[in-house]
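I have placed the structure first, in the form of structure tokens, so that the comments after it can refer back to it.
The values are calculated or read from the model by the stated rules, or taken from the named source; none is laboratory data. Here the structure is a predicted model, which is why all the values come from computation and not from measurement. Note that each Cβ is placed from the backbone with ideal geometry, even for glycine, and that neighbours are counted across all protein chains shown.
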Amino acid sequence: MTTPNPPFPVSDLARFHEEVLGWFDDAARDLPWRRDASPWAVMVSEFMLQQTPVARVLPVYAAWLERWPTPADLAAEATGEAVRAWGRLGYPRRALRLHAAAVAIVERHGGEVPHSREELLALPGVGDYTAAAVESFAFGGRAVVLDTNVRRVFARVVSGVQFPAAGVTAAERELATTLVPVADAHRWAAATMELGALVCTARSPRCEECPVADICRWRAAGFPAYDGPARRGQAWDGTDRQCRGRLLALLRDAPGPVEKASLDAVWPDAKQRERCLDGLVADRLVEPVGDDSFALPGHRPR
DNA sequence: AACCCGTGGTA
DNA sequence: TTACCAAGGGT
């Protein structure tokens, strides 16, 4: 994020806090992980929400927590069951990491989700964002929560640009730190995220509904278009990801092991297919069964 | 730092 | 229709 010029006026900061927090009181969605959810439930939601929209997470989240209400419940389960229950949320390695995080929570933290940033970051699948989100949403901590929504809101309102840079810079983190209000840090995190999700959206921002339109530096500058390096698109047709998705979908939808011949039928390019199947096995998303079949991993951890 | 990893909704 | 995009993490 570039340095604002002129800088974001200090007088606007108080209004930023007041308006966004006030807007959140009325506009916040009633999401299940916001209704006195346990720390584990918050963690489950955060894993599922990594790169997956809320609407698709909702049903899987509900089923998941009904089946595995605590880390110990999931930790005692076969990893393949986690992959199956993950369904079509995408990036199924997240299911494996969530399972591994549950095992680590049982082994290292007596089955309770840890509070500290350091302990959270040490869990599989927990990076800067997720650690901050759990600190903030599960425990009411003062973490600096920087997700794609918050970054976009700050880029626009404070820095006056359409989109933030590709990666979080030290300056951006510092700026975000200075923006956290003295009181209500965890509500600030949720509120700025919600504003980005509902109003200050990536493609068609609803500025007419925005509580801070009058102090928005991007708007004041006339909505200048993003002028940074081109953001690479995500190719899909013919990629290994598509191939892996097809293979795993077949295994997920089957009650037990699937013969190699059936897997061969879902992807025409034999060389790529073999590479992807090997990759899935290497990733522990799939395991060989007998001589000529494959299945989701059926073994218990340890 | 750049690239890999799924899936489906939307403008 | 085709890109873009979504509460990122690991390497």
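Would you call A:Arg206 among the charged types (D, E, K, R) and surrounded by 14 or more Cβ atoms within 10 Å (Cβ to Cβ)? No; evaluated as a whole, the condition is false for this residue. Scanning the range A:234-283 for residues that are among the aromatic types (Phe, Trp, Tyr) and more than 10 Å from DNA strand B (Cβ to nearest atom) turns up just one, A:Trp267.
Taken as a whole, the range A:217-229 holds no residue that is hydroxyl-bearing (Ser, Thr, Tyr), touching a helix residue (DSSP H, G or I) at 6+ places or on another chain (Cβ under 7 Å), touching a residue at least 12 places away in the same chain (Cβ under 8 Å) and surrounded by fewer than 20 Cβ atoms within 10 Å (Cβ to Cβ). Considering each of A:Arg244, A:Arg252, A:Arg275 in turn, give the residue that is in a helix (DSSP H, G or I), in contact with a Cys (Cβ under 6 Å, 6 or more places away or on another chain) and basic (Lys, Arg). Unique residue meeting the criteria: A:Arg244.
Checking A:Leu175, A:Leu96 one by one, the residue that is more than 13 Å from DNA strand C (Cβ to nearest atom), surrounded by fewer than 22 Cβ atoms within 10 Å (Cβ to Cβ) and at pLDDT 95 or above is A:Leu175 and no other. For the range A:129-179, the tally of residues that are touching a residue at least 12 places away in the same chain (Cβ under 8 Å) and either part of a helix (DSSP H, G or I) or at positive phi (or both) stands at 30. Of the helices (runs of 4 or more DSSP H) lying entirely inside the range A:41-120, the ones with 1 or more residues being among the charged types (D, E, K, R) and within 24 Å of A:Ala197 (Cα to Cα) are found at A:54-67, A:93-109.
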